[in-house]
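Peer 1: Here it is, the structure in full.
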Amino acid sequence: GFRMGIVGLPNVGKSTLFNALTKTAAAQAANFPFCTIEPNVGDVAVPDARLDTLAEIAGSKQIIPTRMTFVDIAGLVKGASKGEGLGNQFLANIRETDSIAHVLRCFEDDDVTHVDGRVDPVGDAETIETELIIADMESLEKRLQNIVRKVRGGDKEAVQQERLMKMAMAALEEGKPARTVEVDAEDLKQWKMLQLLTAKPILYVCNVDEGEAATGNALSAEVAEMAAAQGNSHVIISAKIEEEISQLDAEEAAEFLGELGLEEAGLDRLIRAGYELLNLQTYFTVGPKEARAWTIKEGTQAPQAAGVIHGDFERGFIRAETIAYDDYVACKGEAGAKEAGKMRAEGKSYTVQDGDVLHFLFNT
Ligand code: GDP
């Protein structure tokens, strides 16, 4: 599955948010009990109303949402890249994630200490980014030294790697994260293998006080401006509210959200934003036994999409019977879609579309 790391300075609300994410009813939905893989790693259901609609049409006994993993990465402080405190371990934890949710304190509260003695989310974002930039530069410096001999020997892959490392280094030296570097399609694979922390897609999470969750505040507006200038996204959330909501059942939660002027829980928005950040899409398998959602990267072809369910489905792939979500709903299910000629037989080169209802045929 895909992993999103929750980072931020101490006392910004990371743990509060993480606890809300993993305790919420949605996280525990379906027949998977919420499983804590490690104390700081949690699997969360991706909310998707389409799945409920499909299950209702097909009369599915079970609904199984697709899931995303969140990792609470504590220990990021000024000097982390120098290995102070939990520094190195925590950098290793970030390296293992696919994307980063950067929590920024946008609430004032004299009872909650700020590590730098002032509430300044944009400054905090810079502090953390600087640490990650330094960590990337240090790892690149070492690798650039080590690769010299291979490059001299004419190793083609090493030449490509060195070129990419130098591109990254040039950006980092200007104080820019590696994600600002434009990389050609043919270099993407090697680029990813550099595993740079600042190359990971980032989402800013503005943690505001309870009363400001619907509107945001002056501090979250500053973050929004910064994020837009960088071409990154942000979400506004109140970790405290989310923690309270996570204790409620669905009906109570809806009522509480209504009172706060919110249409949906911030966590749902966060999970969806995390999904979009990685260009993820969902396809469905639907039958009387279960309606289930599966996650793929945008642009995935049918055999690889089948492989998400099981490796045998990919290896023995023959074709995918495909119904677009809208057609499935309009025709009131598979039989109706078939009759209306809306069920397509798609082969190996078919690019799966978001919302497709699929049935794979394969050789065993
Ligand atoms: P972490 O160190 O980033 O994991 O931060 P925590 O989640 O432990 O939160 C630090 C403190 O800030 C705790 O006492 C939380 O209750 C408090 N806190 C978190 N979010 C909010 C918020 O939105 N408003 C206020 N007033 N306090 C918050």
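Peer 1: Is it the case, given these coordinates, that Leu194 is assigned by TED's automatic domain parsing to the domain that holds Ala158, in contact with a helix residue (DSSP H, G or I) (Cβ under 8 Å, 6 or more places away or on another chain) and surrounded by fewer than 21 Cβ atoms within 10 Å (Cβ to Cβ)? Quick ask: steps written out before the conclusion?
Peer 2: On the way: assigned by TED's automatic domain parsing to the domain that holds Ala158: yes; in contact with a helix residue (DSSP H, G or I) (Cβ under 8 Å, 6 or more places away or on another chain): yes; surrounded by fewer than 21 Cβ atoms within 10 Å (Cβ to Cβ): yes.
Yes: the conditions hold for Leu194.
Peer 1: So if I check each of Gly231, Gly258, Gly211, which one is exposed (fewer than 15 other Cβ atoms within 10 Å of the Cβ), closer than 24 Å to Met137 by Cβ and in the same structural domain as Ser99 (by TED's automatic domain parsing)? Steps first, please.
Peer 2: Values: Gly258 fails: closer than 24 Å to Met137 by Cβ; Gly211 fails: closer than 24 Å to Met137 by Cβ.
Sole residue among the options that is exposed (fewer than 15 other Cβ atoms within 10 Å of the Cβ), closer than 24 Å to Met137 by Cβ and in the same structural domain as Ser99 (by TED's automatic domain parsing): Gly231.
Peer 1: Within the range 115-137, take every residue that is farther than 17 Å from Thr180 by Cα and of a type outside the set (D, E, K, R) and give me the one that is surrounded by the fewest Cβ atoms within 10 Å (Cβ to Cβ).
Peer 2: Here the answer is Gly117.
Peer 1: Report those strands (runs of 3 or more DSSP E) wholly inside the range 254-364 carrying at least 2 residues which are in contact with a Leu (Cβ under 8 Å, 6 or more places away or on another chain). Walk me through how you get there before you give the answer.
Peer 2: Numbers: elements: 280-286, 290-297, 317-323, 344-346, 357-362.
Output list reads 280-286, 290-297, 317-323.
Peer 1: Also: What are the residues in the range 208-228 that are of a type in the set (A, V, I, L, M), in contact (Cβ under 8 Å) with a residue 60 or more places away in the chain and within 16 Å of the ligand (Cβ to nearest atom), if any?
Peer 2: First, pick out the residues of the range 208-228 that are of a type in the set (A, V, I, L, M): 208, 213-214, 218-219, 221, 223-224, 226-228.
If we keep only those that are in contact (Cβ under 8 Å) with a residue 60 or more places away in the chain as well, we get 208, 219, 223, 226.
Answer for the range 208-228, where residues must be of a type in the set (A, V, I, L, M), in contact (Cβ under 8 Å) with a residue 60 or more places away in the chain and within 16 Å of the ligand (Cβ to nearest atom): Val208, Leu219, Val223.
Peer 1: Same structure again: Quick check: anything in the range 193-207 more than 22 Å from Phe90 (Cα to Cα) and either away from the ligand (no atom under 16 Å from the Cβ) or in contact with a Phe, Trp or Tyr (Cβ under 6 Å, 6 or more places away or on another chain) (or both)? Full working, then the answer.
Peer 2: We begin by selecting, within the range 193-207, every residue more than 22 Å from Phe90 (Cα to Cα); these are none.
For the range 193-207, residues more than 22 Å from Phe90 (Cα to Cα) and either away from the ligand (no atom under 16 Å from the Cβ) or in contact with a Phe, Trp or Tyr (Cβ under 6 Å, 6 or more places away or on another chain) (or both): absent.
Peer 1: Note down all Cβ pairs under 6 Å where the first residue falls in the range 229-245 and is over 24 Å from Thr198 (Cα atoms), the second is more than 9 Å from the ligand (Cβ to nearest atom) and part of a helix (DSSP H, G or I), and they're at least six residues apart or on different chains.
Peer 2: Listed by first residue and then by second, the contacts come to Glu242/Ala20; Glu242/Gly266; Glu242/Leu267; Glu243/Ala20; Ile245/Ala253.
Peer 1: Quick one: what pairs do we get from the range 289-301, first residue touching a residue at least 12 places away in the same chain (Cβ under 8 Å), second assigned to a strand (DSSP E or B) and charged (D, E, K, R), C-beta under 8 Å, 6+ apart or different chains?
Peer 2: Thr295/Arg67
Peer 1: Oh, and also: Step by step: first the residues of the range 138-161, then only those that are within 29 Å of the chain's Cα centre (by Cα) and buried (at least 17 other Cβ atoms within 10 Å of the Cβ), then the one that is farthest from Cys206 (Cα to Cα). Which residue is that?
Peer 2: Of everything passing the filter in the range 138-161, Gln161 is farthest from Cys206 (Cα to Cα).
Peer 1: Would you check which residues across the range 95-115 are more than 10 Å from the ligand (Cβ to nearest atom) and either on the phi > 0 side of the Ramachandran plot or among the hydroxyl-bearing types (Ser, Thr, Tyr) (or both) and list them?
Peer 2: Those that are more than 10 Å from the ligand (Cβ to nearest atom) and either on the phi > 0 side of the Ramachandran plot or among the hydroxyl-bearing types (Ser, Thr, Tyr) (or both): Thr97, Ser99.
Peer 1: OK, next. Checking Ser349 against (1) among the polar types (S, T, N, Q); (2) surrounded by fewer than 19 Cβ atoms within 10 Å (Cβ to Cβ); (3) within 30 Å of Ala227 (Cα to Cα), which single condition isn't satisfied?
Peer 2: Going through (1) among the polar types (S, T, N, Q); (2) surrounded by fewer than 19 Cβ atoms within 10 Å (Cβ to Cβ); (3) within 30 Å of Ala227 (Cα to Cα) one by one, Ser349 breaks only (3).
The values are calculated or read from the model by the stated rules, or taken from the named source; none is laboratory data. Just so you know, these numbers come straight off a predicted model, no measurement behind them. FYI the Cβ positions are ideal-geometry reconstructions off the backbone, even for glycines, and counts take in every protein chain you see.
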